[in-house]
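Read the figures in this text as sums done on the coordinates, not as results from a lab. Remember, predicted model here, so these are calculated numbers, not experimental data. Note: ideal-geometry Cβ built from the backbone for every residue, glycine included; neighbour counts use all protein chains shown.
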């Protein structure tokens, strides 16, 4: 099995290059015939805090914005399309792009301190509701988008979208145990199972997310994106 670890202090908010490297790492793992499952986890305070807004605001023009959108899209697609099952092991915060990763993973395990949310509206952006809707019911997803409220790992466990909730110090072991159960199966059958399950998905997650991203570009053209990101960077 392959273990992919995000470790970008202080909060695992990934730069454009970071999202690109994550996508390529997941793709490489899936292409390797020796890989039978992938565990995606993180070190530090939380699983993932999304894009690096400070990088975006420090860049002139829209290059960083377009880059972040393209590379987030690529990373989420890489997890979803990985030829073998991807197990996301989530601790602490899972926000924005973190929800995109968890929502495209095949299986999610979480620590008892984990929480999930989309602060996009407060950042003048939209996106990853596609992936959040794979974790929570429709009405709750809408409430979370509009209000930027979070949900806990325990709530997701009750919905059945988080497989197990464990103490943080047991999370990696729990994820590796599930990965080991998958790795013990016939690898050819598991790869066909992943392909078949993606094939029966009722929603094209790539197209759905790309549609959402179009509204982020509109918000930026109208100035709302910059305004809200500046407030975040300045701590207002």
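Here is how the numbers come out for the structure above:
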read-out: Neighbour-count ranking [beta-carbon atoms within 10 angstrom, fewest first] of 43, 120, 155; value: 43, 155, 120
read-out: Per-residue Cβ neighbour rank within 10 angstrom, fewest leading, 230, 106; value: 230, 106
read-out: Angle between the chain longest axis and helix 224-234 axis [Cα atoms, degrees, rounded to 10]; value: 80
read-out: Computed FRET value (nearest 0.05) for residue 227 with residue 138, which takes r as the C-beta separation and R₀ as 30 Å; value: 0.50
read-out: Residues 70, 31 arranged by fewest to most Cβ contacts within 10 Å; value: 31, 70
read-out: Whole-angstrom gap from region 185-236 to region 117-147, using each part's C-alpha centre; value: 11
read-out: For region 67-203, alpha-carbon Rg relative to the globular expectation (2.2 N^0.38 Å, N residues); value: 1.05
read-out: Kirkwood hydrodynamic radius of the chain, Cα pairs, Å; value: 17.8
read-out: For region 1-54: Kirkwood Rh in Å [reciprocal of mean 1/r, alpha carbons]; value: 11.8
read-out: Relative contact order (percent, whole number), region 133-203, Cα cutoff 8 Å, 6+ residue spacing; value: 20
read-out: Virtual spin-label span in nm between residue 28 and residue 146, 7 Å along Cα→Cβ; value: 4.5
read-out: Stokes-Einstein D for region 142-187, Kirkwood Rh over Cα pairs, 20 °C, 1.002 mPa s (µm²/s); value: 168
read-out: DSSP-defined antiparallel bridges as percent of all bridges, the chain, nearest 5; value: 15
read-out: The chain, relative contact order in percent, only Cα pairs under 8 angstrom and at least six apart counted; value: 21
read-out: The chain: angle of helix 205-221 to the longest principal axis, Cα-based, in degrees nearest 10; value: 20
read-out: Values of log10 I(q)/I(0), in the order q = 0.22 Å⁻¹, for region 184-226 under a Debye, Cα-only, solvent-free model; value: -0.75
read-out: Degrees between helix 187-199 axis and first principal axis of the chain (Cα, 0 to 90, nearest 10); value: 40
